[in-house]
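Scroll down for the structure; my scribbles are underneath it.
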Amino acid sequence: MIEALLVTAALLAIASLAFLPHAVTRALGALFLSAVAFVFLRHVGGDLLAGLVCAAIGFVAWRFLPGAILRRVAFMVPSLVLLIGVTTWLMYLAPGNPFAQEKSIAPQVEAALRAQYGVPESPLAFFRVYMERLLGEGSLGPALKVKGRTVQEVLLPALPVSLGLGGLALVLAVGMGLLLGVRAGMRPNSWADHASMGLALVGISLPNFVIGAGLMIVLALQLGWLPVAGWGGFRHVWMPALTLALPHAATIARLARSGTIEVLQQDWIRTARAKGLTEARVVSRHALQVAVLPVVSYLGPAAAGILTGSFVVETLFGIPGMGQWFVKGAINRDYSIVLGTALFYCGLITSFNLVVDLLLAWLDPRTRQVA
Amino acid sequence: MSAAQELPLEALEAGAPDRLSYWALVRVQFGKNRPAVWGLWSVVGLFVLATAAPLIAMDKPFLWIGEEGLESPLLGALFNRLIFENGVDIFFNLLLVLSPLYLLAAVALRRAGRFGVRGAGALVAAHLALTTLVVPETWFGLENPLHHEAPVVDYRARQVELEKAGEPATALFPPRRIHYRETDPERSVQPPGGSLWLGTDVEGRDVFVRMLYGTRISLTIGVVAVGIYVWIGVVLGALAGYLGGWWDVIISRLIEVMICIPSFFLILTLVALVEDRSIFQVMVIIGVTSWTGVARLVRAEFLQQRELEYALAARALGLPRWRVIFRHILPNALGPVLVSATFGVASAILIESSLAFLGLGDPSVPSWGETLNVGRLEMKYWLIFAPGLAIFFVVSVFNLVGEGLRDALDPKLRT
């Protein structure tokens, strides 16, 4: 009950940030930014040095960063704390706990385990322990179900795997989507248009695990071109990346198509054509920059989709990435792993969305005035 | 449908476009979109298939003439909770038995000229109410008299017995004499062939039959999950958009915080944290996590509509606020919601099959994703392609209808 009240209060507090004057949210954003940097940096250079560096970071941010970014940061950091709180609460609400085993253990043993791993009986106490550890030591705590390792030690090797896979998938999705979509948009209602839009419908409707399993059977088992599953070499990356990319490539193709069609009807395109430019130059130099705007704003959701899609794809291909740890942690009630991955995913996605918004503002002057 | 299509078209050609209501225009536009119409009929076909599943595959005969004379074991089995323990199955079985009645009612309403959205809605509501009456074992602690359990008789074995005894019983079985839960260790992982149209899975269950009954699960997941989140989204969005002020601030912030958390991630967390999950819990979890999109749409519509004159007129009449919101503005704000709900059905079906694929579904229901999961572990093509194509078909059909609706509602968006 008290947890529900606290969560509501925290939500209201974050909501009320919107009413603060600009200068205050600016300062808060800079403060939060330097605080986050401090938590990371104090292990590298000690308290004093880190404090000085972070004060400098905060000042520079406050002085020079656009208000829009600082406001976003001011919302982001408390939201992540709220995320930790809500996830903790939900985990404690769920039946079972990390120390429950098939044969019941003595209460003294359980109490000792709880003390050793820092998992008290109540969610509030756990939240306090977790936050103190996170802020004080910059540590995500010991993994409860992987003996003798901390969450960082478990997740850090998985990080490049997930990021590499996701990055390649994003590049593939944008590349394929733009190629198909722009070509289709240049000649609407031609056979190429119908073919690529048909393909896009298939891509959107096929779940990624079906694509993955199908690719596995065709490319790996029947043709033997690529290894079936696993992780390691260059050849292992392609199938999972393609699996992750295809649904998003389909959406990007549609967005690029409608963007291109709309842009090509504008007056300035007619002007460009009237100047005698080749069609290729008209599209690549004049139209594309505007036609890709919807695609850029889709990059945020696409990145989120690719990251969460990696839960399924990593399980399917047996890839040792973050997604697999998250699924395992949630099933095993490994509270620290769940919180660690949740923080990682949400932090990554919100920062990526921020970057996308900045990119959009840079590409499209119309949105700049609002910010 | 076709008669309804032709009528407004003729009216259009007769030069009386102003006589057509908005929705009639939408219907004309929708009817011109051939893939969308085809998709709509496929959706209808899927519902018919899901309803008629026991007529195609069931281990009880329609008719049985034995020692006790004529009986219909299948009819009884439809409501026997030892045979169909799932509420979803009971819903469709009830629908199967009552469908002639509903058809008659629909025809009668149509004759009376009153079969519109409301007539259809009343029939659906009646059926839902009936299902909720029949399904639970107890009502607030009292035994439910409609909850039916009876000993399960193996009619196939009895038929063989009676034949051996020299007095064969006359029995009329459905084409596939098998129940979707029936396991057979001797038939584990058989490829398609003979009477096994789509092979068997690890436990020797007939994949075709499981796919057939899986249609029920997928459709229910889609419709119920979307139903839940459309309700939440519409109410919150309407409050935020119409009332504004603090309501708007709180609801908008809530939406923003929810959007920060990717929905599949949230769903996965919640589902993994529920123990012994049932398919209904999965539906509720998908429903309560996915309402943000609808809420934003409805909020934006309300912000626009509340400034229009008809809304002012309704307010000036002194109508209570809820009436202005839900009876006057809401019907005008529902177009985009309808489109997003149709796409939502497709994505809810995808989400459920992903969950089942990760082994986080309800193991007691014949979900397509679960068959796929088995197929992935066994690497057998029939266990992957059959459910994979089924999911693809259902999802793309709903997507086609959604696109048709979107284009029909807002011709500007069509490119």
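Read-outs throughout are calculated quantities, based only on the coordinates presented, and are distinct from any laboratory measurement. These numbers were taken from a predicted model, which means no experiment stands behind them. Note that each Cβ is placed from the backbone with ideal geometry, even for glycine, and that neighbours are counted across all protein chains shown.
Values as computed for the structure displayed
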| item | result |
| --- | --- |
| Rounded if a/c under 1.5, otherwise prolate or oblate - the stretch B:28-75, Cα gyration tensor axes | prolate |
| The stretch A:159-369, relative contact order [Cα under 8 Å, separation at least 6], % | 26 |
| Alpha-carbon centroids, the stretch B:206-221 and the stretch A:105-161: separation in whole Å | 42 |
| About the Cα centre, charge dipole magnitude for the stretch A:159-369 (Lys/Arg +1, Asp/Glu -1 at Cβ), debye | 500 |
| For the stretch B:341-415, the Rg and Dmax computed from alpha carbons only, in angstrom | 15.2, 49 |
| Largest-first principal axis extents, alpha carbons of the stretch A:23-99, Å | 49, 31, 13 |
| Diffusion coefficient, µm² s⁻¹, Stokes-Einstein with Kirkwood Rh over alpha-carbon pairs of the stretch A:95-144 at 4 °C and 1.567 mPa s | 110 |
| Magnitude of the charge dipole, the stretch A:2-139, Cβ model with Lys/Arg +1 and Asp/Glu -1, debye to 20 | 520 |
| Amide hydrogen neighbours beyond the local backbone of residue B:66, cut-off 5 Å, H modeled | B:71 |
| Loop-located trypsin sites (Lys or Arg not before Pro) in the stretch A:206-278 whose Cβ has at most 14 other Cβ within 10 Å (DSSP) | A:275 |
| The stretch A:172-219: mean projected area of Cα convex hull, nm² | 3.7 |
| Cα-based convex hull, the stretch A:126-174, per residue volume (Å³, whole number) | 112 |
| The protein assembly as shown: Rg to Rh, with Rh as the Kirkwood radius over Cα pairs | 0.98 |
| Normalised alpha carbon radius of gyration of the stretch B:143-281 [divisor 2.2 N^0.38 Å] | 1.72 |
| Alpha carbon centroid spacing (whole Å) that separates the stretch A:307-325 from the stretch B:49-91 | 42 |
| Under the Debye formula (equal points on every Cα, no solvent term), log10 I(q)/I(0) of chain A at q = 0.06, 0.15 Å⁻¹ | -0.31, -1.35 |
| Cα shape, the stretch A:96-202, gyration tensor, a/c 1.5 rule | prolate |
| Orientation-averaged projected area, Cα convex hull of the stretch B:302-366 (nm²) | 6.6 |
| Whole-Hz ³J(HN,Hα) from phi, Karplus 6.51 cos²θ - 1.76 cosθ + 1.60, for the stretch A:279-293, glycine and proline x | 4, 4, 6, 4, 5, 6, 9, 9, 8, 4, 4, 8, 5, 7, 4 |
| 26 Å Cα cut-off, lysine pairs counted over the protein assembly as shown (separation 8 or more, or different chains) | 8 |
| Under the Debye formula (equal points on every Cα, no solvent term), log10 I(q)/I(0) of the stretch B:244-384 at q = 0.10, 0.17, 0.18 Å⁻¹ | -0.50, -0.97, -1.03 |
| Volume in Å³ per residue [convex hull over Cα atoms, computed for the stretch B:226-327] | 102 |
| DSSP bridge orientation in chain B - percent antiparallel, rounded to nearest 5 | 90 |
| Two-decimal Rg to Rh for chain B - Kirkwood Rh, Cα set | 1.01 |
| Cα-based Rg of the stretch A:159-369 normalised by 2.2 N^0.38 Å, two decimals | 1.16 |
| Cα gyration tensor of the stretch A:2-139 - equivalent ellipsoid semi-axes, whole Å, descending | 36, 21, 9 |
| Inverse of mean 1/r across different Cα pairs in the stretch A:208-307, Kirkwood, Å | 16.1 |
| Residues whose placed amide H lies under 5 Å from that of residue B:59, excluding near-sequence neighbours | B:178, B:179 |
| Residues A:351, A:34 arranged by fewest to most Cβ contacts within 10 Å | A:351, A:34 |
| Burial ordering of B:63, B:94, fewest other beta-carbon atoms within 10 Å first | B:63, B:94 |
| Exposure proxy order (Cβ contacts within 10 Å, fewest to most) of A:352, A:64, B:326 | A:64, B:326, A:352 |
| Directionally averaged projected area (convex hull, Cα atoms, the stretch A:60-158), nm² | 8.8 |
| The stretch B:37-105: GluC sites (Glu not before Pro) in DSSP coil with no more than 11 other Cβ atoms inside 10 Å | B:67, B:68 |
| For the stretch B:124-200, Kirkwood radius (reciprocal of mean inverse C-alpha pair distance, Å) | 16.8 |
| Estimated vicinal HN-Hα couplings, Hz - the stretch A:170-178 in sequence order (Karplus 6.51, -1.76, 1.60; Gly, Pro = x) | 5, 4, 4, 4, 5, x, 5, x, 5 |
| In order through the stretch A:312-325: 3J(HN,Hα) via Karplus (6.51 cos²θ - 1.76 cosθ + 1.60), integer Hz, x for Gly, Pro | 6, 5, 5, 5, 4, 9, x, 9, x, x, 5, x, 5, 5 |
| Whole-Å distance, taken between Cα centres, linking the stretch B:115-194 and the stretch A:215-283 | 48 |
| Helix-only mean residue ellipticity at 222 nm for chain A, each DSSP H run of n ≥ 4 adding -39500 (n - 2.57), per residue, nearest 500 | -25000 deg cm²/dmol |
| Distance in nm between pseudo-label sites at residue A:153 and residue B:410 (7 Å out along the Cβ direction from Cα) | 5.4 |
| Low-density loop positions, chymotrypsin sites (Phe, Trp or Tyr not before Pro), the stretch A:141-246 - DSSP coil, at most 13 other Cβ in 10 Å | A:225 |
